[in-house]
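For reference, the structure discussed in these notes is given below.
Each reported figure results from applying straightforward, stated rules to the coordinates on display, with no laboratory input. Small disclaimer: the values here were computed from a predicted structure and weren't measured. Cβ placement follows ideal geometry from the backbone for every residue including glycine, while neighbour counts extend to all protein chains displayed.
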Amino acid sequence: MDLNLEKKVGIVTGAGGAICGEIAKGLAKEGARVAIWDKNREAAAAKAAEISAAGGAAVGIACDVLSKDSVAGALDETLAAYESVDILVNGAGGSHKDATTSAEMEFFDIEPEALQRVMDLNYMSAVLPAQAVGRIFAAKKAGAILNISSIGAMAPLSRSISYSNGKAATSNFTQWLAVHMAQTYSPAIRVNAIAPGFCLTGQNRFLLVEQDTGKPTARGRQIIDQVPMGRLGQPEELAGAALWLVSDQASFVTGSIVVVDGGYTAFGGV
Ligand code: NAD
């Protein structure tokens, strides 16, 4: 199957991290030129260097996707490097201890600012780049947006309150934007999402692995027991679905949320 991604330009936010770093590497392997947007400047530069060393084309750009000015600046830098944009992957997101219930943190005591921060990180993180890059797609009447939602959007994950709420908003936004872009600007602007299951990465390590022993936490073990495949996912296992959705092979697919979870959401627990 030819994905026809050669010469396309893709922006991948949060690509200094695990999952979106793999998506960025996958895009570059298929011949796309990739702009890595990440709040962590060093991580963005390192991922771009890794891709370049492997023969791909990539540029690392420091960007806080929750700041309209920072997004505008990153887009300017991307256009200066590559002239155009064809693909936007909204991957920046994550959970945080401050907005997660635990033995030390009851729901009643969570600070509203902490809830809002995690909500923004998992919802506005998709909206702001989609506004900036979507304007370019509207003008050229083509483009593909891929949001990274979560299985927590479908049935909320215990403890992770605003993470689940924010991802639910992102799934809903994916469908809204798919309809809006197709009806208002062009049916050739497609908007989809993937909903990854559990992968061990920087954003959830504190929940899944004991810091001192490296062994699974009770929650980590509970999750593995709920996955019919009996394991956590690897970040690179998300790239296949992501590349397909942003490619012309998915030309009639918009407003879809593709689950990649080892069977977790298909399992009723019995
Ligand atoms: P990660 O922590 O490895 O990567 C997240 C990256 O986002 C980091 O490099 C971080 O610097 C960047 N980032 C954070 N805030 C930012 C901001 N304001 N602006 C720009 N960049 C910012 O996490 P990951 O597990 O690779 O997660 C990638 C995406 O996949 C996230 O949206 C996450 O919620 C989602 N997801 C992950 C899992 C999982 O099990 N790991 C499951 C479902 C969904």
Can you pull out the GluC sites (Glu not before Pro) in the stretch 152-237 that DSSP calls coil and that have at most 16 other Cβ atoms within 10 Å? Glu210
With only alpha-carbon atoms counted, please give the Rg and Dmax of the stretch 229-270, in Å. 12.7, 39
Please give the peptides 75-86, 14-25 ranked by average Cβ packing (other Cβ atoms within 10 Å per residue), highest first, as a rough proxy for protection. 14-25, 75-86
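Of all alpha-carbon pairs in the stretch 188-233, indicate the percentage at a distance above 15 angstrom.
49
If the convex hull of the alpha-carbon atoms of the stretch 1-141 is projected onto planes in all directions, what is the mean projected area in square nanometres? Please report the intermediate quantities before stating the final value.
Working: hull surface 40.2 nm².
One quarter of the hull surface, i.e. the mean projection, equals 10.1 nm².
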Give me the percent of DSSP beta bridges within the chain that run antiparallel, rounded to the nearest 5. 5
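As an exercise, find the ratio Rg/Rh for the stretch 60-145 from alpha-carbon atoms, using the Kirkwood inverse-distance average for Rh. Don't skip to the end; give the middle numbers.
Values: Rg = 16.3 Å, Rh = 14.6 Å.
Over the Cα atoms of the stretch 60-145, Rg/Rh equals 1.12.
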Pairs of Cα atoms farther than 13 Å apart, the stretch 197-270, %: 70
Expressed in angstrom, Rg and Dmax over the Cα atoms of the chain are 18.0, 55
Which cross-chain or sequence-distant (5 or more) residues have an amide H under 5 Å from the amide H of Ala57, H modelled 1.01 Å from N in plane? Val34
Based on the Kirkwood radius over alpha-carbon pairs, what is the Stokes-Einstein translational diffusion coefficient of the stretch 92-211 at 20 °C with 1.002 mPa s viscosity, in µm²/s? 140
Listing Lys29, Lys47 by rising number of other beta-carbon atoms within 10 angstrom, fewest first, gives Lys29, Lys47
With Cβ to Cβ distances under 15 Å as the rule, what net charge do the other residues near Ala62 carry (K, R +1; D, E -1)? -3
Taking R0 as 30 Å and r as the Cβ-Cβ distance between Ala142 and Ala46, the FRET efficiency 1/(1 + (r/R0)^6), rounded to the nearest 0.05, comes to 0.45
How large is Rg/Rh for the stretch 46-88, to two decimals, with Cα atoms and a Kirkwood Rh? 1.01
